[in-house]
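The values are calculated or read from the model by the stated rules, or taken from the named source; none is laboratory data. Quantities reported herein were computed from a predicted structural model and do not represent experimental measurements. Note that each Cβ is placed from the backbone with ideal geometry, even for glycine, and that neighbours are counted across all protein chains shown. Only protein heavy atoms, including side chains, enter the accessible area calculation; ligands, DNA and RNA are left aside. Shrake-Rupley method; radii C 1.70, N 1.55, O 1.52, S 1.80 Å.
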Amino acid sequence: MDYNHIIALLERYWEGETTLEEEALLRRFFSESHPDMPEPLQEAAPLFGFFREEMEREEMLGETLSVRVEASPVAKVVALSPFRHWMKYAAVLLMAVGMGYAMKQFQRTETKARLAEVQQKKMEEETRMAYLETKKALQLLAKNLNKGTEKMQKLSYFNEATGIIAGTN
Amino acid sequence: MSLDLFLNQVVPVRQKLFRFAYRLLGNEEDAQDITQDALMKVWSQQEKMTELQNMEAWCMRITRNLALDKIKSRKYRLADELDRAGEVPASQQSPHAMAEKNDVMVKVRRVINELPEKYRTIIQLRDMDGYSYQEIADILELDMNDVKVNLHRARKSVREKLQNIQVYGL
């Protein structure tokens, strides 16, 4: 076998001047066994052997790679109903209603209390007025009664004087 | 971007993205996570898809950035090559020949792993995945000439170390 061509090719390979086709040729050459391989080629044989083995090993590894993407190529679009979470909305509504009711109840009791207070005040005022009026009337009565007492006093003096005069005569 | 475009152009490269992430992280589970994250990110940036010339390179770039972020954030430790030495597939050779071969493979793996991340990635993308210079430049966000120069340096470095192994058994 003519190794000169391969040796020249390998030399170019080390220099980084080979094309992809030439490199494929080298890989093919080193994948076959050559018992009488000349010295310059022997140094490269382990490297190409390593590339081959690595690729085989990686092929085996790659087979276990999960196929999650392929398993479900087309994801179904599921239309969601706007009332899907109806319980959420119901709960919010219930709370709003509850709060509204509570506020209304509170307002009602507040008005009632205020009304009662006003009424009580009014009644107190009326009572006070009545008391004052009565007091005034009684005072007037007392004053008039006192007036009578003065006259009776004078009458009593007169009576007494009359008695004394009659007694002494 | 429609779902069809995503399924036809992005999902088929998932395997490549996984391999790429696996090489960077050295851990199958994390590589799967990163691949899923990358697909999610691609999907979330779907408006960019129509402007892109090379969608595969863009996906690879996203995967690489996510993997590098993970390495940075967790002070990620690459799996020890000794742990993986036993994973080399069994063959029909004699135990002695097999042990020798495994030994060589462990050494080559070490040579590759010792390369700077950029060199290692360029070599893997070129020699294992067969990407063109332009595609590698797109993935790594580099100039095409930079890719060529870096590939040359990476191969030169690998060659020197392989020669050392051959001559001194290092």
Cα-based Rg and Dmax for the protein assembly as shown, in Å, come out at 53.6, 200
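In debye, nearest 20, what is the charge dipole magnitude of chain A about its Cα centre with +1 on Lys and Arg Cβ and -1 on Asp and Glu Cβ, if you could check?
5060
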Applied in sequence order to segment A:25-39, the curve 6.51 cos²θ - 1.76 cosθ + 1.60 (Karplus, θ = phi - 60°) yields integer Hz couplings, x standing for Gly and Pro, of 5, 4, 4, 5, 4, 6, 7, 9, 8, 10, x, 9, 5, x, 3
The B/A contact buries a total accessible area, at probe radius 1.4 Å and rounded to the nearest 100 Å², of 3700
Along the dipole axis of the protein assembly as shown (charges at Cβ: +1 for Lys and Arg, -1 for Asp and Glu; origin at the Cα centre), the most positive-end residue among B:V108, A:M99, A:A24 is A:M99
Accessible-area loss of at least 40 Å² in the complex relative to the chain alone (1.4 Å probe) applies, within segment B:126-170, to B:R126, B:D127, B:M128, B:H152, B:R155, B:R159, B:L162, B:Q166
Note to self: with every protein chain in place and a 1.4 Å probe, chain A gives an accessible area per residue in Å² of 81
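Give the carbon-plus-sulfur fraction of the accessible surface of segment A:4-65 in %, rounded to a whole number; probe 1.4 Å, heavy atoms of protein chains only. Please list the in-between numbers first.
On the way: 1640 of 3060 Å².
That share works out to 54 percent.
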On each of the three principal axes the extent of the alpha-carbon atoms of segment B:1-79, given in whole Å and largest first, is 38, 19, 17
Given the candidates A:N159, A:A79, A:Y13, the one whose Cα lies deepest towards the positive end of the charge dipole of chain A, counting +1 at each Lys or Arg C-beta and -1 at each Asp or Glu C-beta, is A:N159
Ranked by GNM mean-square fluctuation in chain A (Cα springs under 10 Å), the top entry among A:Q105, A:Q42, A:Q119 is A:Q42
Checked against the positive end of the charge dipole of segment A:88-154 (+1 on Cβ of Lys and Arg, -1 on Cβ of Asp and Glu, about the Cα centre), the farthest of A:Y89, A:A113, A:N146 is A:N146
Per-residue ellipticity at 222 nm attributable to helices in the protein assembly as shown (runs of n ≥ 4 DSSP H, -39500 (n - 2.57) apiece, nearest 500 deg cm²/dmol) works out to -24500 deg cm²/dmol
Once phi for every residue in segment A:125-139 is put through the Karplus expression 6.51 cos²θ - 1.76 cosθ + 1.60 (θ = phi - 60°), the whole-Hz ³J(HN,Hα) values, with Gly and Pro written as x, are 4, 4, 4, 4, 4, 4, 4, 4, 4, 4, 4, 4, 4, 5, 4
Each residue of A:40-50 has, on average, a number of other protein chain C-beta atoms within 10 Å of its C-beta equal to 5
Here segment A:4-65 gives, from Cα atoms, an Rg and Dmax in Å of 13.2, 43
Between the alpha carbon centres of segment A:27-49 and segment B:104-170 the gap in Å comes to 18
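Using +1 on the beta carbon of Lys and Arg, -1 on that of Asp and Glu, and nothing else charged, what's the dipole of segment A:4-65 about the Cα centre, debye to 20? Don't jump to the answer; show the numbers that get you there.
Values: 5 positive and 16 negative charges, 15 e Å.
In total the dipole reaches around 80 debye.
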Expressed in nanometres to one decimal, the distance between label points 7 Å along Cα→Cβ at A:E124 and B:E29 is 8.4
